[in-house]
Amino acid sequence: MSKVCYICKKSTIAGKRVQHKHAGGWRFKAPKTNRVFKPNLKKVSLEVDGKQRRVSICMKCYKRLRKETSEK
């Protein structure tokens, strides 16, 4: 199962990890190394095309779905 939200297609993205302690004083910039930001996914069973299907959705979409179903 891939790390992608079924609803909004949120996926893994790359960024930088910034270490804010400067080694050797302020002459040098803070070291930056590569890192990965992963989405916060939850497996939920949803009705897709009339069938129950277990899919991964991010927590933002999960909260939105819960809110929509509670208002009905």
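Just so you know, all these numbers are worked out from the coordinates, no wet-lab data involved. Worth saying up front: this structure is predicted, and the values here are computed from it rather than measured. Every residue, glycine as well, gets a Cβ built from its backbone with ideal geometry; the counts of neighbours run over all protein chains shown.
Just a few scattered comments:
- Using alpha-carbon coordinates, inclination of helix 59-71 to the longest axis of the chain, degrees: 30 degrees
- A straight Cα-to-Cα reach below 17 Å connects Lys60 with the lysines Lys3, Lys9, Lys10, Lys38, Lys42, Lys43, residues fewer than 8 places away in its own chain not being considered.
- The chain, relative contact order [Cα under 8 Å, separation at least 6], %: 30 percent
- Averaged over residues, the count of other Cβ atoms within 10 Å places the peptides 55-65, 39-49 in the sequence 55-65, 39-49, highest first.
- Net charge contributed by nearby residues that have their C-beta within less than 11 Å of Lys10 (K/R +1, D/E -1): +4
- Identified option (computed Rg and Dmax of the Cα atoms in Å; candidates [x] 11.6, 40; [y] 19.3, 63; [z] 13.7, 50): [y]
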